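This report concerns only the one structure given below.
Bear in mind these aren't lab numbers, they're just calculated from the coordinates by the rules spelled out. It should be emphasised that the depicted structure is a prediction, and the values quoted were computed from it without experimental measurement. Here the Cβ positions follow ideal geometry from the backbone for every residue, glycine too, while neighbour counts run over all protein chains shown.
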Amino acid sequence: MSLAQATLAQAVGEREVWAILAQSAQAIAALPDELLTRALITPYTLNWARDGRVTFRDTQINQTDHAQFIAPERNRPANSRADMELMHVYSLGQSLLGSREIVAKLSPALQSLLQ
């Protein structure tokens, strides 16, 4: 189920957001290099399974339509894998912040972390 589908189907609260963040960090670290360079995390490509694991759908995304999820640094060559992972963390935060259903339920501390 994608993040976009989940927020429409059920309540996603702060506890679930922390779980999504933890699982997403593991999923980003596990991305193969070729997917790491072309993937874009959005509410439509971030998926989680019933067992709580997060995956990222590898689909061709129109980056113009999803510009709000792209890290500003993405327009420059990344120096390392860590740089690419940080760009995906930015996209993850923007994806979570982009959902009004989620943001309305978050503590100010978590909202600040996602920004």
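Approximating the spin labels as points 7 Å out from Cα along Cα→Cβ, the D58-to-L97 distance works out to 2.9 nm.
Ranked by the mean number of other Cβ atoms within 10 Å per residue, highest first, peptides 81-91, 36-46, 105-115 order as 36-46, 81-91, 105-115.
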